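**Q** Mind looking over this structure? Questions follow.
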Amino acid sequence: MEPTTPVRSSHDIVTLRNVDEEDFHFEYDRSRGNYPYVMKTGVLTRYPRFLADHALKKLIDKILDKQKIKLNNEPARAELRERIFVEEEVFQQAPVDSEAEKLRKEVESLNKPSDLDKVLSRSKGQQKVVEPELPLPKEEPKEEAEAFAGLDDEKKAKKAGLAGGTVDTTEPPKTESKPKVKPDRLTILKYAEDKLKLTLDAKTMVKLDKMSDDQLIEEFQYPLD
């Protein structure tokens, strides 16, 4: 297969040499505020192709005019062009995606599962162990239960030698159980990093910031015991 001819661009780099005996000054699109350019005599100067083409033409015109040669003398122009032109660097640009392809890639990137989603999906996918429910004890009628309790207490009192079988039926003071203290947000996130090995990058934190503490506890299955 023959090599493909490089596609030339107006922004390729072209190197020129000023073969005139004096510096060459030229302008390009000055109406837009561009500054004048200078090519020192005998010095190599590099320009984008669109600017090099303009400089090459103007320099050839100047030299021919000084030599009293007509500007449309093509052999003379070709000879000067060979002397002034040094080399070019053609840059091949990578294929540019269409707008539809750019949009498709953007949507895929937005919906790419993050580390958090992977951890949560694995966590939710695990089956929870369900303990078998034990049958509840059959409740006796309240009056009968109190009567049996009174008889049992009286028998115990007599056996203990208490006069008349008197029993102190005063209920002992109940000790109130302390309510479970929920962890703060920092503790929950620390648990996600240390236990679940989750990387809390900027994208993940944006998602977590939208969750309440209770939602974080549920998502990470934080143990409250």
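The values are calculated or read from the model by the stated rules, or taken from the named source; none is laboratory data. Since the structure is predicted, the reported quantities are computational estimates derived from the model, not experimental observations. No Cβ is skipped: glycine too gets one built from the backbone with ideal geometry, and neighbour counts run over all protein chains shown.
**Q** Got a number for residues in the stretch 186-225 being surrounded by 15 or more Cβ atoms within 10 Å (Cβ to Cβ) and in a helix (DSSP H, G or I)?
**A** Number of matching residues: 10.
**Q** Select from the stretch 29-41 the residues that are in contact with a strand residue (DSSP E or B) (Cβ under 7 Å, 6 or more places away or on another chain) and surrounded by fewer than 16 Cβ atoms within 10 Å (Cβ to Cβ) and list them in ascending order.
**A** Correct list: Pro36, Val38.
**Q** Identify all residues within the stretch 13-61 that are β-branched (Val, Ile, Thr), assigned to a loop (DSSP other than H, G, I, E, B) and in contact (Cβ under 8 Å) with a residue 40 or more places away in the chain; write none if there are none.
**A** The answer is Val19, and nothing else.
**Q** Another question, then. On the basis of being assigned to a strand (DSSP E or B) and either surrounded by 11 or more Cβ atoms within 10 Å (Cβ to Cβ) or among the polar types (S, T, N, Q) (or both), does Glu79 make the cut?
**A** no
**Q** Still on this model: With the structure loaded, tell me whether Pro172 is modelled with pLDDT of 80 or more, outside any helix (DSSP H, G or I) and more than 25 Å from Asn111 (Cα to Cα) or whether it fails that test.
**A** It is false that Pro172 is modelled with pLDDT of 80 or more, outside any helix (DSSP H, G or I) and more than 25 Å from Asn111 (Cα to Cα).
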